[in-house]
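Asks: Take this structure, written in structure tokens, and hold onto it; I'll ask about it next.
Every number here is computed from the coordinates shown, using simple stated rules; none is lab data. The model shown is predicted, which means the values in this text are computed figures rather than measured ones. So basically every Cβ, Gly included, is an ideal-geometry build from the backbone, and we count neighbours across all protein chains shown.
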Amino acid sequence: MKQLLILGAGTAGTMMANHLRKKANLTEWKITVVDQYAKHYYQPGFLFMPFGLYSEADVVKPKRKFIPRGVEYLEAKVDRIDAEKNRVVLGSGQTVDYDLLIIATGARTAPDQTEGMLGNDWRKRVFDFYTFEGASALNQALYDWKGGRLVVHISEMPIKCPVAPLEFAFLADWWLTKRGLRDKTELVYVTPLPGAFTKPICSKVLGYMLEEKRINVVTDFNIGSVDNEKHRIVSWDEKEVPYDLLVTVPTNMGDGVIERSGLGDELNFVPTDPNTLQSKPHQNIFLIGDATDVPASKAGSVAHFEAEVLTKNVLHHMKGEPLEKDFDGHANCFIESGYGKAFLLDFNYVIQPVQGTYPLPGIGPFSLLKESRVNHLGKLAFKWIYWNVLLKARPMPGVGHRMSRAGKQIPAEVLQAQAAA
Amino acid sequence: MPQKVINGATIDVNDEGYLTNRAQWNREIAAALAQELGITLTDAHWKVLEFIDKDFREKGVVPGMRRMNKVGDIPTKDLYALFPDGPIKKAAKISGYPKPASCV
């Protein structure tokens, strides 16, 4: 038997186990999944936890529950990948040889990468909402909040779900208004990028929202340190932003096993062909989800679309056939905007988010780049779809892995720019 | 789409003056774009611009501070000294690449 080894049983790894269980030749291939943690988190739900909209039961289930029969599951830490010898060394010292390896080890927050972030203010005045523990602790802090300066902050790019901090700011505006605390709260959004919105059409269509919601934006802020004494963040060029409550997105990095294996870049993300999802240096290693360095968003929807392409390419590789350059960077994301409404984005490597309808051209029911109640209901329904359809790699009718241009208002200059690129 | 004439050459740019067709870029254009930002290019600037070019071809995105630092061997303090206020977006503009962006 040949060994197909999947590292990581998060969103991406679990989907791959389910796809390949159905499609690979299991008389020839044995599939094994390795993950060190027992709990599977529905990470999009972390956004709702600080506001008491979701609790533990909404976002946590056992990982094993989603690994299909016929796939071996090892709950173990991976010490390192020895790519030259086609084997993985587990924390116990035991080795697992592989013929084909899929790395789905994701990304994690690394607050230790910023001087002072884990200081006295950590989980007292400084919180993240990208971890279960952080989102839970922030929930308590918000319920204790009496007013002051609430700073929402991004440390550096790339981060998982790049719209989440913006959604957090929108939801905070709504939640504080509801609790009669909005006029006592100064809401500040701090980003290392040149704007809260950076894509031309998004800036044009959605730019008004920050002013309307009275969110002050600080741009081009590259954090150097957190000053726990004076409760402020300080940039490399010595700009300062004081906070009473700092909701930060720490630096995101790939898993430590990538660094220990010498397979990653400066953030432990793994060099990956953006269209085939094959490792650049190793033909029998494939990557999926947040672990890659491809210039797509680090998001569950991206992993979902990648899974369909990667399944085809893994099967091609098993049969010695050429790979398909079929992944187009497709992402599809709901953006909560508060007051029971949301936006929807659908885009890829070359087409930025535009207006239109989705998934049916002219019909919807979802509207792209436009606030609607239906979009919000879509975001809420997604939790059920995630646990019951997506992770189990069941088909989602009408939602293809290639981004469709039908139903989208794509301005001429976007198409021209694409042609020139 | 807006255009711009530099030293007699016409280049395509977006509303913010970033090149939309990298094939039109050359060192004279870089020098002119830098002048518009009040920067006179030196060898130290060129080290940054050349790293961005090499890295963009490899990764498909303009490198961030950490990557400039760790891979390009360019200290953050130097970046701010060379391209004050918004080093990455200024260096990206001069090197003919898009400004650093998120998905929205």
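Asks: To the nearest 20 debye, what is the magnitude of the charge dipole of region A:232-354 about its Cα centre, counting +1 on the Cβ of each Lys and Arg and -1 on the Cβ of each Asp and Glu?
Replies: Computed charge dipole of region A:232-354: roughly 220 debye.
Asks: I've got another one for you. Starting from the amide H of residue A:225, placed 1.01 Å from N in the peptide plane, find each other amide H under 5 Å away whose residue is 5 or more places distant or on another chain.
Replies: A:234
Asks: Under the definition of partner shielding as Cβ atoms of other protein chains within 10 Å of a residue Cβ, what is the mean value for peptide B:52-62?
Replies: Mean partner-chain Cβ count within 10 Å for B:52-62: 2.
Asks: In what order do A:214, A:69 fall by count of nearby beta-carbon atoms within 10 Å, going from fewest to most?
Replies: Ascending number of Cβ neighbours within 10 Å: A:69, A:214.
Asks: Looking at the protein assembly as shown only, what percent of DSSP beta bridges run antiparallel? Nearest 5 please.
Replies: 50 percent
Asks: Roughly how many nanometres apart are two label points built 7 Å out from the Cα toward the Cβ at residue B:43 and residue A:82?
Replies: 4.6 nm
Asks: For B:20, A:14, which order do you get if you count the other beta carbons within 10 Å of each Cβ and list the fewest first?
Replies: B:20, A:14
Asks: Place a +1 charge on the Cβ of each Lys and Arg in region A:344-421 and a -1 charge on the Cβ of each Asp and Glu, then give the dipole magnitude about the Cα centre in debye, rounded to the nearest 20.
Replies: Rounded to the nearest 20 debye, it is 340 debye.
Asks: Counting only other chains, and only Cβ atoms inside 10 Å, what mean value do you get across the residues of A:188-198?
Replies: Per residue, the average neighbour count from other chains is 4.
Asks: Follow-up. For B:94-103, what's the mean count of beta carbons from other chains sitting within 10 Å of each residue's beta carbon?
Replies: 6
Asks: When only Cα pairs under 8 Å and 6 or more residues apart are kept, what is the percent relative contact order across chain B?
Replies: 28 percent
Asks: What is the order of B:93, A:392, A:325, fewest Cβ neighbours within 10 Å to most?
Replies: Fewest-to-most ranking of B:93, A:392, A:325: A:325, A:392, B:93.
Asks: Between residue A:28 and residue B:54, what is the FRET efficiency for a Förster distance of 41 Å, r being their Cβ-Cβ separation, to the nearest 0.05?
Replies: 0.45
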